[in-house]
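Visitor: Got a structure for you, written out below as structure tokens; questions coming shortly.
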Amino acid sequence: MAYVISDACISCGSCAGGCPVGAIAEGDGKYEINADACIDCGSCAGECPVGAISQG
Ligand code: SF4
Ligand code: SF4
């Protein structure tokens, strides 16, 4: 299962640059993870200041 970003996201952008496969992009009101590209490395979850990223 890919990682997912919840509505708690404050669009700080911290997670996007750290994704090794570029799977994170700004979406409508929050950042979003492309589930087809995510390789489940988990690094983005540790970057989020509000704990909005978890394994879906
Ligand atoms: Fe990118 Fe890894 Fe987060 Fe998936 S788990 S979105 S590959 S940083
Ligand atoms: Fe949203 Fe967290 Fe990513 Fe910041 S690090 S853009 S709050 S998911």
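All of the numbers you see were taken from the coordinates with simple rules; none came from a lab. Being a predicted model, the structure only gives us computed values, none of them experimental. Virtual Cβ from ideal backbone geometry, glycine too; neighbours counted across all protein chains shown.
Visitor: Those residues that are in contact with a Ser or Thr (Cβ under 9 Å, 6 or more places away or on another chain) and within 13 Å of ligand 1 (Cβ to nearest atom), I need them from the stretch 28-49; list them, please.
Guide: Correct list: Y31, C44, A45, E47, C48.
Visitor: Also, quick follow-up: In the stretch 1-9, is there at least one residue being within 13 Å of ligand 1 (Cβ to nearest atom) and loosely packed, with under 13 Cβ neighbours inside 10 Å?
Guide: yes
Visitor: I'd like the residue in the stretch 1-32 that is more than 7 Å from ligand 2 (Cβ to nearest atom) and of a type in the set (S, T, Y) and, out of all such residues, is farthest from G51 (Cα to Cα).
Guide: Here the residue is Y3.
Visitor: Keeping to the stretch 19-56, report how many residues are on the phi > 0 side of the Ramachandran plot and in contact (Cβ under 8 Å) with a residue 40 or more places away in the chain.
Guide: 1
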